[in-house]
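Trainee: Quick one: the structure is below, questions incoming.
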Amino acid sequence: MSFSRFDDDDAGGIDEAMCCFSCREPYAPGDAGTCKECYEEASETEEELKREIDDLKSKVAFLRLSSSLHPFSPPCFSDVVLVAADGASDQTDLAPPVPVHAHKAVLANRSPVFRAMFENQMEESLSGTIKISDVSHDVLCAFVNYLYTAEACPDDQMAYDLLVMAEKYQVKHLKAYCEKFIISKLNWDNSLLSYAFAHQHNAKHLLDAALSLIADNMDKLTKREEYMELVEKDPRLVVEIYEAYLAKQVNTAAHKDPLQNNRSHRDYFIAAAD
């Protein structure tokens, strides 16, 4: 509730009073701080919001899949299994990979890629086994768990791995979640690697955050080992870093002295005309 002060020379001799912004009714400085009607209305609004929140919670509980359908419970009506194939599973001296049981309806509903796979009767759909390449069993479990619960508790490395899977299977909500998580952990030490990673996996928010951090520390950039690796592997990204830095410098200069900036532009055009 907002309030405003006004001079009340005509209202009972009160020199200065407060008035409710909503109803404009005045009250004296020594009163409670809001009129009774607005206080009661605010209380009713709060109660209504609480009821709406409780209603939403009950709907979420209703829509949440039964625990018997959870992929890590004993299989219940499961019609597909996912297997992590990170390269190590091909070695004969290792135990076979542990399958993750799931349901085609859930996978297809959460991921357009899985939906296309099942609709087009691809080999994985017919065999009932989907091999997920270049991923560990733990990451696969976390990914499938998110498809069922919309919940994830990744550590720093798993957040990167989950983002890769989210992009591959077009699970936008999970990708956005991972981006926010990685940004929250962003620092100078991991900024260059995060920038290159974001560029590779089209993570725009992460890319912008990492690039801004790098541009603020350009004096330390060339001393980093990751910088030299980036120069060798993908110099295009290095060029983009310097372009972002120069753009930031120009922006800063323009805000500091807009008059001088305008004069510089004018002098440039005069010189060009001569």
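The values are calculated or read from the model by the stated rules, or taken from the named source; none is laboratory data. Because the structure is predicted, anything quoted here is derived from the model rather than measured. As a convention, Cβ positions derive from the backbone with ideal geometry for all residues, glycine included, and neighbour counts pool all protein chains shown.
Trainee: Taking the criterion of being at pLDDT 90 or above, surrounded by 12 or more Cβ atoms within 10 Å (Cβ to Cβ) and either in contact with an Asp or Glu (Cβ under 6 Å, 6 or more places away or on another chain) or in the same structural domain as LEU207 (by TED's automatic domain parsing) (or both), would at least one residue in the stretch 140-157 satisfy it?
Mentor: no
Trainee: Name the residues in the stretch 166-217 that are aromatic (Phe, Trp, Tyr) and crowded, with 18+ Cβ neighbours inside 10 Å, would you?
Mentor: Selection gives TYR169, TYR177, PHE181, TYR195, PHE197.
Trainee: Any chance the stretch 167-180 includes a residue that's in contact with a His (Cβ under 8 Å, 6 or more places away or on another chain), in a helix (DSSP H, G or I) and basic (Lys, Arg)?
Mentor: yes
Trainee: Give the residue, chosen from TYR148, TYR195, that is touching a helix residue (DSSP H, G or I) at 6+ places or on another chain (Cβ under 7 Å), of a type outside the set (A, V, I, L, M, F, W, C) and in contact (Cβ under 8 Å) with a residue 60 or more places away in the chain.
Mentor: The conditions single out TYR148.
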